[in-house]
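The values are calculated or read from the model by the stated rules, or taken from the named source; none is laboratory data. Treat the numbers as computed from the prediction; the structure is a model and nothing was measured. Here the Cβ positions follow ideal geometry from the backbone for every residue, glycine too, while neighbour counts run over all protein chains shown. The accessibility values were calculated without ligands, DNA or RNA, using every heavy atom of the protein model including side chains. Shrake-Rupley method; radii C 1.70, N 1.55, O 1.52, S 1.80 Å.
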Amino acid sequence: MVDGNGLRIDLLGELRLSMRGRPVALPPSKKTRALLAYLVATGGSHPRERLCDLLWDGPDDPRAALRWSLTKLRPLLDADDTLRLLTDRERVAFVPNGADIDLQRLPVPRVNDIVSTTTDKLEAAAACFSGEFLEGLDLPSCFRFHEWCAAEREKWSSLRVAILTALVDRWSETPEIALGHARSWVNIDPLDERAHATVIRLLATLGRPREATRQYEYCRQVLETELGTKPGVELARAFALLKTSNHRRVHKERPERRLSISVSEAVLVGRERECTALDAIAMDAAGANAGMDFVLLSGDPGIGKTRLLRYFAQAIAGLGGLALEGRAFEAEIRRPYGIWVDMLARVPEHTIPLTLREELRPLIFGADGSPTAKEGDRVRLYSAVVALLRALSAQAPIAILTDDLQWIDEASVSLLHYALRAFDMPGSVVIAATARSGEISDNDPAWHLVRGMAREGRLTEIPLGPLDTLACTALARAMAPGRDVTPVVAVSEGNPLFTLELSRALASGSNALPGTMKALLMEHLSRPEGAARALLPWAAALGRAFDVDLLARCVRLSPSKWDDALEELERRGIIRGIGENRYDFSHDLLRSLAYGLVSQPRRRLIHGQIARSIAAALEAHEGGAEFASELVRHAALGGNDILAARGCALAGDNSLRLFANEEAIDLALRGLHHLSRVKSGPERTSLRIALLRVHVLASSENRLRRWPRLLHDLTEAVATAEAASLSAEAATGYYLLSVLHQDEGETAESVETTLRAAAASRRADAATAVAQLANTARCLVELETNVDRARTMLTEATALLGRRRADSIELYWAEALLKRWEGQLDGAVPLMEEALQLARAQGDRWRECKCLAWLATMNLECGEREASLACCEELRPLAERMGESGELPFVHALEALCRLTLGLPAAEMELESAVAQLQAFDSKAHLAYVLNVAAERAFQSGRFAEALKAARDALVAAEATRRVWEAATSRALLAQIFAAQGDRSAGRHHLDPVLACIDEQDALSARARAMASRAAKDLDVPIPTPNQTLS
Amino acid sequence: MARIIVERTFDPPISQEAMDATSQRVGNCLDLYGVRWVGSHVSTDRRRMVCVYEAADAQSVRDVQNTAEAPFDRVWPADIMTPN
């Protein structure tokens, strides 16, 4: 074996790293660990793009997330100056350089090699497996990684089973040894009757009939509940052999002593300081004086975060308040507004103001229909939620509590962030959450939220450490009265969950206490028998709080067995009731361990059955909207592509209703991915159109440009639908094609990036968010595009500011430009003056120049020529000092225009010179504006040839810089000039494209619209009203 | 799209950190104004820099520089000459 500087990497089981025999702590981030495993297992070099797709499909900057993870891995892998992680700008590679990797160390790399391998080597190979491949490293939200991992697990499990069966065979003369291997085989694939039969035969041979009978019963139960079948020939033969053996009869075992204390009822000790802090926050809320902080209880799993959050909820309720609690689940990270839907379901309906019901419908009452979501709808939804919370908090304190923030969905974070911004003054609303310290960075939106709050000094973090010895002893004694709890305190190291479980074991008479939390919980999970034991994998696979009705659709049990099974699991503290017919695991660790015990093939079977049950419920119109996202998950894990695609279409539609467009797009892409593996047929065609519909409607306007193949795919899908006589689907397809064509060519790709930047800014701190939203809005109006978006962003920026007055130059600047665009110059000028004052106060010279230039422009446009000239005079020396940033040629041009309109001498020559300077300066947008004003002036003076040249040059410059409104102005001017010259045809040639969009909301500025109206009048063309087609 | 050149000088010489920070700020603004960064040359003494962009006009590049607070001396449109 190579020394490898002592670096050893194990993947066959839990991912483990060790250096010279000492375990190396892995990064807490699951995605970072997954990256490590993927690089090591696959070897070779990978493009960064592929790694980003694998694990960071969601974040705005996946490459940054990858870089961050690589920085965490480098010190682990590149120890002792041995370079193992090779990276450049495009690719990442892992080279072992002598590292000892179990996959490479395995003496039997393939099934075909087993026959020729010695027993010793087979034993060594079996010992390499300490569990399933990358045990516990599940990332349900990263479906590409998940698919890779599932395939690897199946591959390695098959090899392991083959090795174990060979070993059972080789050790047939030594059944004690063979039994160990046979038991491992059962654990890997409990649905394999041959494995059970082998265990039964070996137990019988060893004279252990009681255990053999139990094994038979367990196998029979599993086959009945999961496959709906009875034992087959092999098992029956093994059992018959058992019955004919002359061993003593099986006696009923003495019932185990049972505990009635569950985790949920556990006492709260050792958290006096934290409770005092939470009490103070609750009291402040009751006195309408709660701070504006985001309260975060953080710590390791099992440290007591949820228990403290529950304490806080009780404190609020004790003060007459309302605690709205939502719990995020790892399996539901793609369920938009998941925690909010759960939280708001707790608000009594009669307390919801009638005026808010319509706006809140998507979250509280479940919307129907398929609205095309716009940016403004989302803001209205958020405002309605905040208004509801305000209304409720006027009566009593309100606590918004999120458990397990590390698994929250992106849309919920967005709304949470909005609420935090809205409640930024002392009041009766408290927002609190729990989070696993190490895993929060895996959830990009949640991580941004926490960091943003910390940057603003609005984060009250209550980190939970281990309990001290006294508290730990008190907790253990409360759970195991009259027992010596010293060993519990010694082993648990202050972890409350570990203490509770150890004490539970102690109280039940166990003498040997397991040394690790995992071993203890595993032992705990191994105790249930019969129906309760059979139920565990199903409950764990559901992945969240589960509904008994749904579980009953999947597992065949008689009503009395159901009651017994649930009662036993609850009594043992494994699950707890959380509502009528609803249960959850007492702790997420128990759920993940119970799931870990289920073999890969069996998981696939269980998830497949759950997916079919959910699909049946949906077809029968039972179950809520959340069923759709459940269907996606279970069908994908169960390998049922058609059901997964159906779930994606349903869940995508639901996301559209909630204005969660990013989630909708993600679901559509996911659905299409599943569909690509489905055979052609009517259902495939129908689902393809449904998924493309979600994609198009969620990607309205510029976002469509991110998917250049969409038009092609949709055209193809429509043709297929027509060929299959699916008329409704074809009609939907044609409607979507019209949406796509409408979008074509309207705006530049830059706008998309602008909008993405604005979306990202929503997660930044308030000041940055306002600045970025206003900056983006200002740019959009200056770039003459997307006014509606700009307006929404300004509304959002203003809402973020709350009652604080803005000191954002860009906000006033953008508002002024918007007023000018609307033709309200009287309103625009004071706003621009405000922006100018702020720029001066902040010593921002460039913005001072820009604001002065705009003021000069606006004054000129509203006929205040003297005021405009005064601005220019003020601006000129400043611009001269600024060098090129001062944009002196534009200042000269503005001055010349003012002087021209004032009829001052030599103004025309000055303008000519200024235009030449602007051309040399290569400032085309300014040039277009100046030439349009000059053309208008020349036209009014009857100098048509001069006007024509200026307007034509203006049009070229405007189109080169994609200034839509300025180009429309040029065209309208050209139309007027041609009309005056009697050339109607040339006039219509320029005017018609302008009139074609004149009735579209926000398509043209007031100036361009007025100019087009004049041209239409001159050419005697009617101006289209909305919905009227131009003849 | 035209080729646009940006000239910059630094006294004292620009540090790597400052260069990275400026590059990051400029990068954030490029798409906003429809500008593409082609490449840059920095003198070995870190006192001069020439950056090459593609944009509709020079003013778009100036707007990027100003919005990103990246100091510059001159911005001008250029023709490309290649060896025969």
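In the set A:L755, A:L773, A:L783, A:L800, only one residue is at pLDDT 55 or above, within 14 Å of another protein chain (Cβ to nearest Cβ) and under 23 Å from the mean Cα position of the chain (by Cα); that residue is A:L773. For the range A:914-930, state whether one or more residues are open to solvent by 20 Å² or more (accessible area, probe 1.4 Å), within 21 Å of A:K819 (Cβ to Cβ) and within 13 Å of chain B (Cβ to nearest Cβ). Yes.
Here is a list: A:L955, A:L974. Which entry is buried (at least 23 other Cβ atoms within 10 Å of the Cβ), over 47 Å from the mean Cα position of the chain (by Cα), away from chain B (no Cβ under 14 Å) and part of a helix (DSSP H, G or I)? Lay out the reasoning, then the answer.
Values: A:L955 fails: over 47 Å from the mean Cα position of the chain (by Cα).
Going through A:L955, A:L974 in turn, the sole match is A:L974.
Summed over the range A:163-204, residues that are of a type in the set (A, V, I, L, M) and under 30 Å from A:L35 (Cβ atoms) total 2. Somewhere in the range A:488-499, is a residue surrounded by 15 or more Cβ atoms within 10 Å (Cβ to Cβ), closer than 29 Å to A:Q215 by Cα and in contact (Cβ under 8 Å) with a residue 40 or more places away in the chain? Looking for residues that are surrounded by 15 or more Cβ atoms within 10 Å (Cβ to Cβ), closer than 29 Å to A:Q215 by Cα and in contact (Cβ under 8 Å) with a residue 40 or more places away in the chain, one finds none in the range A:488-499, hence no.
Residue by residue, here is whether (1) touching a Gly at 6+ places or on another chain (Cβ under 7 Å); (2) open to solvent by 30 Å² or more (accessible area, probe 1.4 Å); (3) among the aromatic types (F, W, Y); (4) over 26 Å from A:L159 (Cβ atoms) holds:
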residue	(1), (2), (3), (4)
A:E49	no, yes, no, yes
A:T71	no, yes, no, yes
A:R74	no, yes, no, yes
A:R89	no, yes, no, yes
A:I101	no, no, no, no
A:L106	no, no, no, no
A:R110	no, yes, no, no
A:V115	no, yes, no, no
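Restricting the range A:295-325 to residues that are surrounded by 18 or more Cβ atoms within 10 Å (Cβ to Cβ) and small (G, A, S), the residue that is nearest to A:G270 (Cα to Cα) is A:G304. Restricting attention to the range A:869-919, the residues that are within 17 Å of A:E848 (Cβ to Cβ), modelled with pLDDT of 90 or more and polar (S, T, N, Q) add up to 0. If the condition is being under 25 Å from A:R307 (Cα atoms) and in contact with a strand residue (DSSP E or B) (Cβ under 8 Å, 6 or more places away or on another chain), then the range A:413-426 contributes A:L416, A:A419, A:L420.
Taking the criterion of being free of Cβ contacts under 8 Å to residues at least 24 places away in the same chain and facing another protein chain (nearest Cβ under 8 Å), would at least one residue in the range B:7-28 satisfy it? Scanning the range B:7-28 turns up no residue that is free of Cβ contacts under 8 Å to residues at least 24 places away in the same chain and facing another protein chain (nearest Cβ under 8 Å). Of the helices (runs of 4 or more DSSP H) entirely within the range A:503-578, those holding at least 2 residues that are more than 23 Å from A:S492 (Cβ to Cβ) and either of a type in the set (G, A, S) or in contact with a Pro (Cβ under 8 Å, 6 or more places away or on another chain) (or both) occupy A:530-542, A:559-571.
Against the test of being in contact with a Lys or Arg (Cβ under 7 Å, 6 or more places away or on another chain) and closer than 25 Å to A:R881 by Cβ, the options A:A853, A:A839, A:A835 yield a single qualifying residue, A:A839.
Could you tell me whether any residue of the range A:709-726 is modelled with pLDDT under 55, crowded, with 16+ Cβ neighbours inside 10 Å and assigned to a helix (DSSP H, G or I)?
Filtering the range A:709-726 down to residues modelled with pLDDT under 55 leaves none.
For the range A:709-726, residues modelled with pLDDT under 55, crowded, with 16+ Cβ neighbours inside 10 Å and assigned to a helix (DSSP H, G or I): absent.
The lone criterion from (1) in contact (Cβ under 8 Å) with a residue 24 or more places away in the chain; (2) part of a loop (DSSP other than H, G, I, E, B); (3) away from chain B (no Cβ under 14 Å) left unmet by A:C898 is number (2). Return the total of residues in the range B:36-78 being within 14 Å of another protein chain (Cβ to nearest Cβ), more than 24 Å from A:L888 (Cα to Cα) and in a loop (DSSP other than H, G, I, E, B). Qualifying residue count, the range B:36-78: 0.
Taken together, the residues in the range A:149-191 that are farther than 22 Å from A:V115 by Cα, open to solvent by 20 Å² or more (accessible area, probe 1.4 Å), out of contact with any helix residue (DSSP H, G or I) (no Cβ under 7 Å at 6 or more places or on another chain) and not small (G, A, S) amount to 2.
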